[in-house]
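No lab work stands behind these numbers, since they all come straight from the coordinates. These numbers were taken from a predicted model, which means no experiment stands behind them. Positions of Cβ are backbone-derived with ideal geometry, glycine not excepted, and every protein chain shown enters the neighbour counts.
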Amino acid sequence: MAANTEDFVIVGAQSSDANEHISKPALSFWQDAWRRLKLNKLAVISMWFLIFILAFAVVSNIFVPQKAANAFNSDKVGVYKNLPPNSGLPIPGWDGKIKAPGDTTVTDVYASQGVPDGERFILGTDNIGRSVAKRVIVGLRISLLVAIVATLIDLVIGVAYGVFSGWKGGWVDNVMQRIIEILSSIPNLIIVTMLGLLLGSGILSIILAIAMTGWLSMARQVRNMTLSLKERDYVLAAKTLGESSSKIAVKHLIPNMAGTIIVQIMMTVPSAIMFEAVLSAINLGVKPPTASLGSLISDAQAMLQFYPYQVLIPSAMLVLISLAFILLGDGLRDAFDPRASED
Amino acid sequence: MWKYILKRLGWLVFTLFLVITATFFLMQIMPGTPFNNPKLTPDALAQLKATYGLDLPLWQQYLNYLIGAAHGDFGISFQYQNQPVSMLIGQRLPVSAALGAQALVVGVVAGLIMGAVSARNKNNKIDGVLGILSTLGISVPSFILGIVLVYLFGFQWPIFPVSGWGDSFSETILPTIALAVSPAAITTRFVRSEMIESLSSDYVQLAKAKGLSDKEIVNKHAYRNSMIPVLTLIGPMAAGLLTGSTLIEQIFSIPGIGQQFVLSIPSKDFPVIMGTTIVYAAMLMFMILITDILTAIVDPRVRLQ
């Protein structure tokens with residue numbers, strides 16, 4: 001007996017077509033990653049924090065020019081030097097009063113040094129009477145500039161080196177990987193110090209010294225990605241159709257490893273910020289009166305016992321920025337590759 | 001296995017040769033000279049140069065340096081007259097090595113414990129707290145941590161001494177913590193993800209099916225296999241410790257080679273800079289070699305690759 005369609009009633013849906021329809025909208029790779037990233041609160045907070053800091057660093061050029069932060073009045077150093085942070089509110093530790101080591105009572109430094117009434121420094125002043133707040137803003141700019149430019153150089157060298165090595169394969173790849181192996185067995189500190197010594201102290205030479213060590217891991221990751229991507233069908237198709245190698249790299253390989261590259265960038269920036277501070281600490285950093293977060297920390301370090309805020313404020317800034325980059329990097333890695341983090 | 005070790009040793013010697021060559025020629029083109037004292041007469045200058053062998057042709061200087069370096073002789077310091085660089089380094093190396101080893105052991109052991117605790121408490125509060133702590137540990141550079149520790153436990157609450165080395169154990173506590181936090185954080189994150197992976201692996205499923213207790217599964221199967229990959233981390237962590245320890249030795253006035261290295265930079269004491277560079281590179285390469293060999297011994301799967 002032949003089955004008759006009229007004998008059957010479709011239950012639970014309007015039509016069989018509706019049943020087949022997948023209601024979830026098709027998301028592109030980036031939309032999907034963004035949707036997943038939004039679920040990670042820490043990563044989103046870090047992202048907004050970093051956007052704010054970057055925007056602030058750019059905009060602050062208008063209201064805190066470098067000259068204003070470097071300038072000091074040599075006649076009034078005695079009045080303005082080493083003033084503790086003063087918010088103008090009666091918050092202990094942030095009201096312009098400080099308890100010197102060995103003392104039992106707190107002293108109002110603003111009154112005892114004869115600072116005119118109504119004048120206060122929200123983050124205090126340094127040993128020659130310059131506002132710490134202004135110095136930290138300028139230092140932040142320099143540190144970010146160094147880190148971001150160094151990372152961009154790493155990005156260009158690392159991606160070009162990695163794609164070339166992986167794409168060529170054979171003995172070219174072998175030689176290029178040996179070079180990376182040799183370079184990475186030399187401690188970064190030494191490469192940075194050597195280049196710092198060789199190039200002298202200027203912002204550009206600091207950037208170059210840092211960039212020379214950072215591209216290695218980028219190149220290694222990009223090469224591994226290239227090795228696996230070049231066997232994919234779409235790359236083979238492009239090859240068969242006669243596309244040039246450089247076009248395949250730019251159009252097919254790099255866009256498909258963008259996730260890995262972005263995560264790698266997020267890890268490179270904080271290490272560049274740290275190496276800038278290390279260079280400052282070993283006397284190869286920016287020269288005074290220019291300030292970076294690292295030079296602010298190492299310059300004030302000798303007075304840690306008496307004026308801890310001069311060290312701790314730039315340190316806190318440096319740590320917060322590194323932390324934000326690492327949290328965002330973690331979040332992006334999970335967002336780009338959900339399978340890797342599915343527990 | 002022996003072939004593998006020999007091959008790696010050959011590479012190590014070759015790489016070291018390249019490092020020595022590179023440092024030697026880099027030092028030749030470095031700007032500045034330690035002999036720029038205007039009081040020096042040409043005669044005195046010539047005599048100084050003869051003392052340090054700087055009057056010889058470049059290729060001979062290079063050859064001499066290479067032969068010397070192979071014997072562990074790195075020339076004479078510019079800054080401390082008549083002091084051989086190898087002696088300066090020799091005095092200070094044990095201090096740095098002790099500090100580094102102490103920090104590495106403390107960091108890795110703490111990381112192994114925290115990583116395992118984290119994995120066993122996956123996605124609950126303990127895991128969350130440890131996750132935040134380990135992310136913080138990775139973000140805070142060791143020298144900033146050192147400064148904060150000096151401030152807190154040296155000045156605010158003076159519990160520990162903040163400078164010196166070799167007089168008492170308590171002196172080593174703060175610098176060790178400052179250096180150990182980063183390896184601890186890296187190990188924690190790594191062990192956690194390794195252990196979560198092995199807890200869902202087939203051999204753990206089998207152990208469960210055989211009716212082993214939870215404790216036995218974790219201790220005998222999951223944890224052991226999660227520990228092996230940690231070995232591969234020791235190389236990169238040692239590199240991080242090298243960087244960290246130079247500044248930590250400065251902060252805590254520890255007479256190690258890191259401090260020597262930093263002091264020799266402003267005085268352009270090139271023989272010391274070169275000697276420390278080579279010793280640093282050799283130490284790092286040796287650490288990486290040892291961990292690779294250990295990994296190959298512990299995990300037979302690696303040897304096949």
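Which value, in debye to the nearest 20, gives the size of the charge dipole of chain B about its Cα centre, when Lys and Arg are +1 and Asp and Glu are -1 at the Cβ?
Working: 19 positive and 15 negative charges, 185 e Å.
Approximately 880 debye in magnitude.
So what's the back-of-envelope 222 nm ellipticity for chain A, counting only DSSP H runs of four-plus at -39500 (n - 2.57) apiece and dividing by all residues, rounded to 500? Provide the component values of the computation, followed by the final result.
Working: 16 runs with 220 residues, N = 343.
Value at 222 nm, helices only: -20500 deg cm²/dmol.
Using amide H atoms built in the peptide plane, which far-off residues or other-chain residues are under 5 Å from A:ASP95 H to H?
So A:ASP95 has HN proximity to A:SER87.
In region B:63-137, what chymotrypsin sites (Phe, Trp or Tyr not before Pro) fall in a loop by DSSP, with at most 16 other Cβ atoms inside 10 Å? Mind dumping the intermediate values first?
Numbers: sites: B:TYR65, B:PHE74, B:PHE78, B:TYR80; in loops: B:PHE74, B:PHE78, B:TYR80.
Counting only loop positions with at most 16 other Cβ atoms within 10 Å, the chymotrypsin sites (Phe, Trp or Tyr not before Pro) in region B:63-137 are B:TYR80.
Of the options B:GLN156, B:ILE228, B:THR246, report the single residue whose Cα projects farthest towards the positive end of the charge dipole of region B:90-298 (beta-carbon charges: Lys, Arg +1; Asp, Glu -1).
Ranked along the dipole, the leading option is B:ILE228.
Summarise the partner chain shielding of A:313-319 as one whole number: the mean count of Cβ atoms from other chains within 10 Å of each residue's Cβ.
Numbers: counts 0, 1, 8, 2, 0, 4, 7.
Going residue by residue through A:313-319 and averaging, the value is 3.
For the Cα atoms of chain A, what angle does the longest principal axis make with the long axis of helix A:41-63, in degrees from 0 to 90, nearest 10?
For helix A:41-63, the angle is close to 50 degrees.
With θ set to phi - 60° and the Karplus curve 6.51 cos²θ - 1.76 cosθ + 1.60, what are the ³J(HN,Hα) couplings of region A:179-195 in order, to the nearest whole Hz, using x for Gly and Pro?
Values per residue, Gly and Pro as x: 4, 4, 4, 5, 4, 7, 8, 9, x, 3, 4, 5, 4, 4, 5, 4, 5 Hz.
Determine the dipole magnitude for region A:182-327: charges of +1 sit on the beta-carbon of Lys and Arg, -1 on that of Asp and Glu, nothing else is charged, the reference point is the Cα centre, and the result goes in debye to the nearest 20. Write down the numbers at each step before the final one.
Numbers: 8 positive and 5 negative charges, 89 e Å.
For region A:182-327, the charge dipole is close to 420 debye.
Can you tell me the 0 to 90 degree angle between the C-alpha axis of helix A:29-39 and the longest principal axis of chain A, rounded to 10?
Roughly 50 degrees between the two axes.
Run lengths n ≥ 4 of DSSP H only: what is the helix-derived mean residue ellipticity at 222 nm for chain B, with -39500 (n - 2.57) per run over all residues, to the nearest 500?
Values: 12 runs with 220 residues, N = 305.
Taken over chain B, the calculation gives -24500 deg cm²/dmol.
Could you give the size of the charge dipole of the protein assembly as shown about its Cα centre, using +1 on the Cβ of each K and R and -1 on the Cβ of each D and E, expressed in debye and rounded to the nearest 20?
Working: 46 positive and 40 negative charges, 92 e Å.
Taking the Cα centre of the protein assembly as shown as origin, the dipole is about 440 debye.
Can you tell me which of A:38-50, A:185-197, B:191-203 comes out highest on packing, and rank the rest after it, using the mean Cβ neighbours within 10 Å? Mind showing how you got there, number by number?
Values: A:38-50: 15.9, A:185-197: 22.8, B:191-203: 18.1.
Most protected by this proxy first, the peptides run A:185-197, B:191-203, A:38-50.
Tell me, what is the percent relative contact order of chain A, built from C-alpha pairs under 8 Å that lie six or more residues apart?
Relative contact order for chain A comes out at 22 percent.
Which residues make up the longest stretch of chain A that has no GluC sites (Glu not before Pro) in a DSSP loop with at most 15 other Cβ atoms within 10 Å? Working shown, then result.
Working: sites that count: A:GLU119, A:GLU231, A:GLU243, A:GLU342.
Longest site-free region, per DSSP loop and neighbour criteria: A:1-118.
Take A:GLN305 and B:GLN79, extend 7 Å from each Cα along the Cα→Cβ direction, and tell me the distance between the two endpoints in nm.
That separation, rounded to one decimal, is 2.4 nm.
Can you return the lysines within cross-link range of A:LYS38? Criterion is Cα-Cα under 27 Å, with same-chain partners fewer than 8 residues away left out.
Filter leaves A:LYS24, B:LYS122, B:LYS125.
Students often forget the sequence filter, so: which lysines lie under 29 Å Cα-Cα from A:LYS134 once same-chain residues fewer than 8 apart are removed?
Result set, ordered by chain and number: A:LYS67, A:LYS76, A:LYS81, A:LYS97, A:LYS99, A:LYS287.
Report, to the nearest 10°, how far helix B:270-298 tilts away from the longest principal axis of the Cα atoms in chain B, using its own Cα long axis and a range of 0 to 90°.
Relative to chain B, helix B:270-298 is tipped by roughly 30 degrees.
Rank the residues B:TRP165, A:TRP30 as a footprinting-exposure proxy: fewest other Cβ atoms within 10 Å of their Cβ go first. Before the final figure, lay out the partial values.
Numbers: B:TRP165 20, A:TRP30 12.
Starting with the residue having the fewest Cβ neighbours, the order is A:TRP30, B:TRP165.
Return B:ARG224, A:ARG120 ranked ascending by Cβ neighbour count within 10 Å, so the fewest neighbours appear first. Before the final figure, lay out each step's value.
Working: B:ARG224 12, A:ARG120 15.
Listing B:ARG224, A:ARG120 from fewest to most nearby Cβ atoms yields B:ARG224, A:ARG120.
So what J values fall out for region A:309-318 if you push phi through Karplus, 6.51 cos²θ - 1.76 cosθ + 1.60 with θ = phi - 60°, rounded to Hz, Gly and Pro as x?
Values per residue, Gly and Pro as x: 4, 5, 8, 6, 5, x, 4, 4, 4, 4 Hz.
Near A:LYS251, which lysines are there with a Cα under 23 Å away, not counting those fewer than 8 places off in the same chain?
Cα-Cα hits under 23 Å: A:LYS168, A:LYS230, A:LYS239.
Go through B:ILE67, B:THR15, B:ALA44 and say which Cα lies farthest out towards the positive end of the charge dipole of region B:2-81; charges sit on Cβ, +1 for Lys and Arg, -1 for Asp and Glu.
After comparing all options, I get B:THR15.
Once label points are set 7 Å from the Cα along Cα→Cβ at both A:ALA55 and A:THR107, what is their separation, rounded to one decimal in nm?
4.4 nm
Once the dipole of the protein assembly as shown is set up with Lys and Arg at +1 and Asp and Glu at -1 on Cβ about the Cα centre, which of A:ILE313, A:PHE29, B:LEU145 lies farthest towards its positive end?
So the residue we want is A:PHE29.
Using the 10 angstrom Cβ neighbour count as an exposure proxy, how do B:LEU26, B:LEU88, B:LEU241 rank, fewest first?
Values: B:LEU26 17, B:LEU88 23, B:LEU241 28.
Ordered from fewest to most neighbouring Cβ atoms within 10 Å, B:LEU26, B:LEU88, B:LEU241 come out as B:LEU26, B:LEU88, B:LEU241.
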